[in-house]
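Asks: Supplied in C-alpha cells, the structure appears directly below.
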Amino acid sequence: MDENDYLENRIKDQINFYENKSKLNKNCYYVSKFFEICSGVSIPLISGHFMDKNWAGLVIAILGVLIAISASMNGVIKYQEKWIYYRTTIEQLKREREFFLTRTGVYLEKELPSSFNLFVENCENIMSSENNAWKKYQQSKITINKK
C-alpha cells in the first residue's frame, strides 16, 4: 500500500468511522440528558399544579422510572465517554496526518520511505489503542456480569 492509498483508504476511512461514532454517541447523550431534564422539571410542575387530578400520581411515577432508566442506561452505555474518546481519536489521527503531510514534528528531517513507515506505525498505534480500550471495556463488562 502506498502513501496515497493509505491516506485515502485507511486514514480517511477511519476518521469517517470515528466521526460517525462520535456524532452518534454525542446525539444519544444529549437526547438522553434532555429527556432527563425535561422529565425532572415536569415532576414538580405536575405535583404542584395537578395533584388533584387522578392521573398526576401515575404520571409522576412513570416520569421518575423513565429518568432512572435513562440515567442507568447512560451509566452502562457511557455515551459521553465514548463520544469524547472517539473525538480524541479523530483529532489524534488528523494531527498525525497533518504532521506527515507538512513534514513537521517527528517527520521533519526524514526521507519519504522512513517517514511513511513512521506515519503508518503512529497511526496504527493510535487506532490500536482505541481498539484495546474497547476490548478492555468489553472484558470489564463480562467480569462484572460474572460476579
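Asks: For the condition over 19 Å from residue 126 (Cα atoms), in contact (Cβ under 8 Å) with a residue 12 or more places away in the chain, not in a loop (DSSP other than H, G, I, E, B) and not acidic (Asp, Glu), what is the one hit in 66, 58, 45? Before you say what the answer is, go through the steps one by one.
Replies: Values: 58 fails: in contact (Cβ under 8 Å) with a residue 12 or more places away in the chain; 45 fails: in contact (Cβ under 8 Å) with a residue 12 or more places away in the chain.
Exactly one of 66, 58, 45 is over 19 Å from residue 126 (Cα atoms), in contact (Cβ under 8 Å) with a residue 12 or more places away in the chain, not in a loop (DSSP other than H, G, I, E, B) and not acidic (Asp, Glu), namely 66.
Asks: Continuing with the same structure: Count, please, the residues in the stretch 1-24 that happen to be surrounded by 14 or more Cβ atoms within 10 Å (Cβ to Cβ) and either of a type outside the set (D, E, K, R) or out of contact with any Phe, Trp or Tyr (no Cβ under 9 Å at 6 or more places or on another chain) (or both).
Replies: Residues flagged as surrounded by 14 or more Cβ atoms within 10 Å (Cβ to Cβ) and either of a type outside the set (D, E, K, R) or out of contact with any Phe, Trp or Tyr (no Cβ under 9 Å at 6 or more places or on another chain) (or both) within the stretch 1-24 amount to 10.
Asks: Please go through the stretch 9-42 and pick out each residue that is among the acidic types (Asp, Glu), touching a residue at least 24 places away in the same chain (Cβ under 8 Å) and closer than 28 Å to residue 123 by Cα.
Replies: Residue satisfying the conditions is 19 alone.
Asks: Still on this structure: Considering (1) polar (S, T, N, Q); (2) modelled with pLDDT under 90; (3) over 19 Å from residue 16 (Cα atoms); (4) surrounded by 11 or more Cβ atoms within 10 Å (Cβ to Cβ), say which one residue 117 fails and leave the rest.
Replies: Unmet for residue 117, out of (1) polar (S, T, N, Q); (2) modelled with pLDDT under 90; (3) over 19 Å from residue 16 (Cα atoms); (4) surrounded by 11 or more Cβ atoms within 10 Å (Cβ to Cβ): (2).
Asks: Out of the stretch 2-20, which residues are in contact with a Ser or Thr (Cβ under 9 Å, 6 or more places away or on another chain) and either closer than 21 Å to residue 72 by Cα or of a type in the set (Ser, Thr, Tyr) (or both)?
Replies: 18
Asks: Kindly check whether there is at least one residue in the stretch 57-71 that is open to solvent by 50 Å² or more (accessible area, probe 1.4 Å) and within 26 Å of residue 129 (Cα to Cα).
Replies: No, the stretch 57-71 contains no residue that is open to solvent by 50 Å² or more (accessible area, probe 1.4 Å) and within 26 Å of residue 129 (Cα to Cα).
Asks: Right, next: With open to solvent by less than 80 Å² (accessible area, probe 1.4 Å) and either at positive phi or not hydroxyl-bearing (Ser, Thr, Tyr) (or both) as the only criterion, which of 53, 33 stands out?
Replies: Sole residue among the options that is open to solvent by less than 80 Å² (accessible area, probe 1.4 Å) and either at positive phi or not hydroxyl-bearing (Ser, Thr, Tyr) (or both): 33.
Asks: Can you tell me how many residues in the stretch 89-114 are part of a helix (DSSP H, G or I) and surrounded by 15 or more Cβ atoms within 10 Å (Cβ to Cβ)?
Replies: Number satisfying all stated conditions: 9.
The values are calculated or read from the model by the stated rules, or taken from the named source; none is laboratory data. This is a predicted model, so every value here is computed, not measured. When we count neighbours, we look across all protein chains shown, and the Cβ atoms used for this are built from the backbone with ideal geometry, even at glycine. Heads up: the accessible areas ignore ligands, DNA and RNA and are worked out on the full protein's heavy atoms, side chains in. Shrake-Rupley method; radii C 1.70, N 1.55, O 1.52, S 1.80 Å.
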